[in-house]
Amino acid sequence: MGNFSRDPRDLRKALRLYVIPDRVVGAPLSLEEQTRLALEGGATAIQLRDKSMDGGELLETAARMAALCAEHGALFIVNDRLDVALLSGADGVHLGQSDLPVNEARKLAPRPFVVGTSAHRASQAEKAERDGADYLGGGAVFETGSKDDAAVIGLQGLRELTGASRLPVVAIGGISLENLPEVMRSGVDGVSVISAAVRGDVKERVAALRRVLNPIFTI
């Protein structure tokens with residue numbers, strides 16, 4: 001397990017290009033294959049998010065993905081399942097607004113374990129910081145096909161989130177190669193992508209995103 005939260009600068013750097021492999025969008029590649037290619041392309045963080053796996057399969061997959069991320073020095077996050085994150089050796093967990101509360105998760109998983117949470121408005125960002133979150137997933141910035149119920153907050157909503165908290169903010173939802181520059185101008189620390197990274201040639205698509213980010217950050 002990494003030590004990203006010991007130094008906030010390390011965590012901000014690790015969140016810059018946050019890829020979420022997907023068995024449907026990235027088919028026929030497995031989650032592990034997508035992870036390997038994304039890391040080779042320059043992903044700095046990977047999240048395991050799969051609602052269809054049972055607990056045992058999720059744990060086994062998480063352990064393999066955690067090992068791949070460790071080889072590349074990348075952050076590995078498990079969505080929703082704190083138990084799987086802790087057992088698999090992940091660096092952290094990402095919790096939605098309807099998941100385990102951040103303050104309760106923090107009791108079970110003290111730092112350096114990373115706890116991220118979704119935020120759609122400033123009040124949620126402020127509460128997340130009070131409750132002990134390490135970063136915010138802000139969005140959905142644009143309409144997205146990965147979550148049908150995602151509320152779109154737009155670039156203005158994203159700017160309000162970055163101004164409401166000192167926590168790193170990762171933009172989520174409909175991020176593409178084309179809109180990446182304007183998203184980064186909102187003040188976020190990184191972007192989380194699914195389709196823009198894993199639909200097609202994963203390594204090249206991630207590398208293309210990285211090439212846009214490189215002039216913005218010294219990575």
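The values are calculated or read from the model by the stated rules, or taken from the named source; none is laboratory data. Only a predicted model underlies this, so the values are computations on that prediction, with no experimental measurement involved. Every residue, glycine as well, gets a Cβ built from its backbone with ideal geometry; the counts of neighbours run over all protein chains shown.
I'm trying to understand the selection: among the residues of segment 178-193, which are touching a Leu at 6+ places or on another chain (Cβ under 6 Å) and in a loop (DSSP other than H, G, I, E, B)? Within segment 178-193, SER186, ASP189 qualify. Selection of segment 34-72 for residues being more than 24 Å from SER118 (Cα to Cα) and free of Cβ contacts under 8 Å to residues at least 60 places away in the same chain yields ARG36, GLY56, GLU57, GLU60, ARG64, ALA67, LEU68, GLU71, HIS72. When residues of segment 187-199 are filtered for being surrounded by fewer than 21 Cβ atoms within 10 Å (Cβ to Cβ) and touching a strand residue (DSSP E or B) at 6+ places or on another chain (Cβ under 7 Å), how many remain? Residues in segment 187-199 being surrounded by fewer than 21 Cβ atoms within 10 Å (Cβ to Cβ) and touching a strand residue (DSSP E or B) at 6+ places or on another chain (Cβ under 7 Å): 0 in total. Taking the conditions exactly as written (under 15 Å from the mean Cα position of the chain (by Cα) and part of a loop (DSSP other than H, G, I, E, B)), does ILE216 satisfy them or not? When the stated conditions are applied, ILE216 does not pass them.
Scanning segment 41-93 for residues that are within 22 Å of ARG16 (Cβ to Cβ) and basic (Lys, Arg) returns a single hit, ARG49.
Among residues belonging to segment 35-57 that are farther than 12 Å from ALA90 by Cα and of a type in the set (A, V, I, L, M), point out the one that is farthest from the chain's Cα centre (by Cα). Of everything passing the filter in segment 35-57, MET53 is farthest from the chain's Cα centre (by Cα). Of the residues making up segment 123-145, those that are surrounded by fewer than 17 Cβ atoms within 10 Å (Cβ to Cβ) and at pLDDT below 95 number 2.
As for segment 168-177, it holds no residue that is outside any loop (DSSP other than H, G, I, E, B) and surrounded by fewer than 20 Cβ atoms within 10 Å (Cβ to Cβ).
Out of all the residues in segment 166-200, which are of a type in the set (Asp, Glu) and touching a residue at least 12 places away in the same chain (Cβ under 8 Å)? Scanning segment 166-200 gives GLU182, ASP189. Answer yes or no as to whether GLN97 is touching a Ser or Thr at 6+ places or on another chain (Cβ under 8 Å), surrounded by fewer than 15 Cβ atoms within 10 Å (Cβ to Cβ) and either under 22 Å from VAL183 (Cβ atoms) or at pLDDT 95 or above (or both). Yes, satisfied.
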